[in-house]
1. Across region 190-226, what is the number of residues that are among the aromatic types (Phe, Trp, Tyr) and either out of contact with any Phe, Trp or Tyr (no Cβ under 7 Å at 6 or more places or on another chain) or closer than 30 Å to HIS312 by Cβ (or both)?
2. With LEU78, LEU126, LEU82 as the choices, which residue is open to solvent by less than 40 Å² (accessible area, probe 1.4 Å) and either among the hydroxyl-bearing types (Ser, Thr, Tyr) or touching an Asp or Glu at 6+ places or on another chain (Cβ under 7 Å) (or both)?
3. Within region 135-160, which residues are more than 13 Å from GLY102 (Cβ to Cβ) and of a type outside the set (Val, Ile, Thr)?
4. Which one of these is within 16 Å of ligand 3 (Cβ to nearest atom) and over 22 Å from ILE74 (Cβ atoms): TYR189, TYR205?
5. Can you report the number of residues in region 325-360 which are closer than 20 Å to LEU253 by Cα, of a type outside the set (A, V, I, L, M) and modelled with pLDDT of 95 or more?
6. On the given criteria, is TYR197 under 17 Å from ALA110 (Cβ atoms), touching a residue at least 60 places away in the same chain (Cβ under 8 Å), among the aromatic types (Phe, Trp, Tyr) and within 16 Å of ligand 3 (Cβ to nearest atom)?
7. Just checking, does region 149-160 include any residue being more than 22 Å from LYS265 (Cβ to Cβ), among the β-branched types (Val, Ile, Thr) and buried (at least 16 other Cβ atoms within 10 Å of the Cβ)?
8. May I ask you to list the residues in region 149-194 that are free of Cβ contacts under 8 Å to residues at least 24 places away in the same chain and acidic (Asp, Glu)?
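The values are calculated or read from the model by the stated rules, or taken from the named source; none is laboratory data. These numbers come from a predicted model, not from an experiment. Positions of Cβ are generated from backbone atoms using ideal geometry, with glycine treated the same way; all protein chains shown enter the neighbour counts. These accessible areas exclude ligands, DNA and RNA; they are computed on the full protein's heavy atoms, side chains included. Shrake-Rupley method; radii C 1.70, N 1.55, O 1.52, S 1.80 Å.
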Amino acid sequence: MACYVTIILSIVLYLVLNLVEGAPEVPCYFIFGDSLLDNGNNNDLDTAARANYPPYGVDFPDGPTGRFTNGRNIADFLAEHLDFDHYIPSFASATGDEILEGVNYASGSAGIRNDTGSHLGYRIYLGKQLENHKVTISRIADLLGNTTLAKNHLNKCLFIVGIGSNDYINNFLMPDVYQSSHLYSPTQYATLLIQQYSQQLKELYSDGARKIALFGLPQIGCIPDQLNQHSTFFCVDSTNKAVQLFNKNLKALVDDLNTNFSDAKFIYINMYSISSAIAITLLNNPCCQISKTMPEGQCNPGKSPCLIRATHFFYDNFHPTEIGNNIATSRAYRAILPSDSYPMDIRHLVRANNLYYDDQ
Ligand SMILES: *[C@@H]1O[C@H](CO)[C@@H](O)[C@H](O)[C@H]1NC(C)=O
Ligand SMILES: *[C@@H]1O[C@H](CO)[C@@H](O)[C@H](O)[C@H]1NC(C)=O
Ligand SMILES: *[C@@H]1O[C@H](CO)[C@@H](O)[C@H](O)[C@H]1NC(C)=O
């Protein structure tokens, strides 16, 4: 009898605590990608693609952490939407049982292709991020008892992947440094990238991922770096066209993966249209003072940024300000327009708790 009372009291206490604390919408959340999501993985790497110096982090409680923006990034805002009471730690810093709630593997300048971004120095390309994830999985298996239990745990997690921008900015669009644009047309290159990405996503699936949100590429032709390079005030059409080929293939890949892996759900976030909507409402010129030496196009170390950061879309020549990240994440989580996400937004993805469901 006493035993039942204890059990019932424990259950009641658990429910009450959950209500008070607001348990997260998923037990765990893993992040793969580039500088839009990196929260410190590059800090100790030999690379120019680092952001652990002021004025990065000027609006972040811990100051410069390696986030490539003034405040929170997309990974952080999504953690808030999902009701986590903390941000997901970087792979470089995660320890102990905190990895059960997720790890952030994202690395500035990284791409789908291994060599992307290599002129800037070391980077953790997507293939390497997947290798790091296997390290995490074996740690989770140690914590939970065995690999089966680890994979069952991962089945319930949200995975987001935001990669591909650097395969353009720090590869295809640098014909003097990389061979890709001499070897392939934009159409061929987009096909090649998606083929490699597809293999990598299947690996993520075979490692237990079942709820996977893929962030498409933003309007890269409109970032300050592209306008500078082409000495124009207008978006670079050829770049935007190349990026749209990638996005079109990525959206088709989502259909393909959902058909072939019916116990998983992949979604596509339309960062292209979301970024163009944000661009209309904010200033396009970067907020911080831009460095003309390595890291070229990033903020000049130690120099004051603009005062009214909430009016700028870009913090440096590549990366959005916190307000840009905030708006983009809100729309990825809860779509405003049907075109924001496909076939559903992240809010619906995480609530789809039955893996074989047909109705959101
Ligand atoms: C890219 O890196 C992955 C993972 O580290 C490795 O397995 C693969 O062989 C590399 N590919 C090339 C073309 O170097
Ligand atoms: C993993 O551990 C669980 C719980 O202890 C057990 O039921 C299951 O048989 C184990 N699986 C393997 C493959 O060892
Ligand atoms: C899905 O399956 C079809 C038919 O077997 C195959 O042609 C296609 O390459 C698969 N796609 C992916 C992404 O695995």
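1. Number of matching residues: 2.
2. Answer to the selection: LEU82.
3. Within region 135-160, SER138, ALA141, ASP142, LEU143, LEU144, GLY145, ASN146, LEU149, ALA150, LYS151, ASN152, ASN155 meet the criteria.
4. TYR205
5. Matching residues across region 325-360 total 8.
6. Spelling it out, TYR197 is indeed under 17 Å from ALA110 (Cβ atoms), touching a residue at least 60 places away in the same chain (Cβ under 8 Å), among the aromatic types (Phe, Trp, Tyr) and within 16 Å of ligand 3 (Cβ to nearest atom).
7. no
8. Result: ASP176, single match.
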